[in-house]
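Undergrad: Sending over a structure as structure tokens; questions will come in a sec.
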């Protein structure tokens, strides 16, 4: 991207794929770029114990970020994941959204998952969908789709 990114929003779900997604987003970060890792809890159970669980889960990304010289803000929202990601991105003027996709079927929704597909269609900023690596072939994860929505 020719323009310098000022704000990257990286959606995580605490799966093994999210480790790769965070590493990819951290590699895009440069001086002056704010990286936010966002987890959207689908259930409306905003409790102290659940928040502590999420903060503990976020801590696993610290080593990934440190190894790449990056840093991030950690954020938790509650509600529908796609809606939460899109709302946060718009409210905080994200230049780029990065999220993973676990799917492997031929149809778009199954390929990317309903959250990734919804985010890709409705985002008002650039979106990177990071596809899950094929575990049995040892293939490296690759970007499945980069979409600029205007």
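Undergrad: Of the conditions (1) assigned to a loop (DSSP other than H, G, I, E, B); (2) under 19 Å from residue 85 (Cβ atoms); (3) touching a helix residue (DSSP H, G or I) at 6+ places or on another chain (Cβ under 7 Å), residue 43 fails just one. Which one is it?
TA: Residue 43 satisfies all of (1) assigned to a loop (DSSP other than H, G, I, E, B); (2) under 19 Å from residue 85 (Cβ atoms); (3) touching a helix residue (DSSP H, G or I) at 6+ places or on another chain (Cβ under 7 Å) except (3).
Undergrad: Another question, then. Being over 10 Å from the mean Cα position of the chain (by Cα), surrounded by 11 or more Cβ atoms within 10 Å (Cβ to Cβ) and modelled with pLDDT under 90: is that true of residue 2 here?
TA: Answer is no for this residue.
Undergrad: Could you grab me the full set of residues in segment 26-49 that are exposed (fewer than 14 other Cβ atoms within 10 Å of the Cβ) and farther than 16 Å from residue 99 by Cβ?
TA: Within segment 26-49, 30, 31, 32, 43, 44, 45, 46, 47, 48, 49 meet the criteria.
Undergrad: I've got another one for you. Might you check whether a residue that is modelled with pLDDT of 90 or more, crowded, with 18+ Cβ neighbours inside 10 Å and within 14 Å of residue 76 (Cα to Cα) occurs anywhere in segment 14-25?
TA: No, segment 14-25 contains no residue that is modelled with pLDDT of 90 or more, crowded, with 18+ Cβ neighbours inside 10 Å and within 14 Å of residue 76 (Cα to Cα).
Undergrad: Still on this structure, please answer the following. Residues that are touching a helix residue (DSSP H, G or I) at 6+ places or on another chain (Cβ under 6 Å), over 15 Å from residue 39 (Cα atoms) and at pLDDT 90 or above: list the strands (runs of 3 or more DSSP E) wholly contained in segment 51-150 that include at least 2 such residues.
TA: In segment 51-150, the matching strands (runs of 3 or more DSSP E) lie at 126-131.
Undergrad: Could you check residue 57 against (1) surrounded by 13 or more Cβ atoms within 10 Å (Cβ to Cβ); (2) more than 12 Å from the chain's Cα centre (by Cα); (3) touching a residue at least 24 places away in the same chain (Cβ under 8 Å); (4) closer than 24 Å to residue 121 by Cβ and say which number it fails?
TA: Just one mismatch for residue 57, condition (4).
The values are calculated or read from the model by the stated rules, or taken from the named source; none is laboratory data. This structure is a prediction, so every number in the text was calculated from the model and none was measured. Reconstructed Cβ throughout: ideal geometry from the backbone, glycine too, with neighbour counts over all protein chains shown.
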